[in-house]
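> Below you will find the structure I want to go over with you.
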Amino acid sequence: MSNVKIKVMDKGPLMVNGDVEVIDMEGNIFDTKSKIALCRCGESDNKPFCDGTHAGNFEDCARAANLNV
Ligand code: FES
């Protein structure tokens, strides 16, 4: 198990905590830090990163299935 955690934010981005590389389809590496927000609404002008445009424009609140029930 890696030390990377990805949290699906309600009505917002994927928050990634840990050392990861984000690369484009040509293999170029984006400049990142150990905590980044990846856009999942598709509206950011700074893709693949969140720029806050989702606020008020994106409604998804994903939940994982609880397998202990
Ligand atoms: S999730 Fe924030 S701009 Fe898309």
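> Output ³J(HN,Hα) for segment 5-12: one whole-Hz value per residue in order, computed from phi by the Karplus curve 6.51 cos²θ - 1.76 cosθ + 1.60 with θ = phi - 60°, and x for Gly and Pro.
10, 10, 10, 7, 7, 4, 6, x
> Kindly give the semi-axes, whole Å and largest first, of the ellipsoid equivalent to the chain, taking each as the square root of 5 times a Cα gyration tensor eigenvalue.
Working from the Cα gyration tensor, I get semi-axes of 22, 19, 9 Å.
> Moving on. Tell me, what HN-Hα J-couplings in whole Hz come from the Karplus equation 6.51 cos²θ - 1.76 cosθ + 1.60 at θ = phi - 60° for each residue of segment 21-29, using x for Gly and Pro?
10, 10, 10, 8, 5, 9, x, 6, 8
> Sorted from largest to smallest, which semi-axis lengths in Å does the alpha carbon gyration tensor of segment 8-47 give for its equivalent ellipsoid, taking the root of 5 times each eigenvalue?
Semi-axis lengths for segment 8-47 are 18, 14, 7 Å.
> FRET efficiency for Met25 and Asp51, Cβ-Cβ distance as r, R0 = 25 Å, nearest 0.05?
After rounding to 0.05, the efficiency reads 0.75.
> Let me know the charge dipole size of the chain about its Cα centre in debye, to the nearest 20, where only the beta-carbon of Lys, Arg (+1) and Asp, Glu (-1) is charged.
For the chain, the charge dipole is close to 400 debye.
> Now for a different question. Express the relative contact order of the chain as a whole percentage, based on alpha carbon pairs under 8 Å and six or more residues apart in sequence. Working shown, then result.
Values: 100 pairs, mean separation 20.1, N = 69.
That works out to 29 percent.
All of the numbers you see were taken from the coordinates with simple rules; none came from a lab. Small disclaimer: the values here were computed from a predicted structure and weren't measured. Cβ sites come from the backbone with ideal geometry, for glycine too, and all protein chains shown count toward neighbours.
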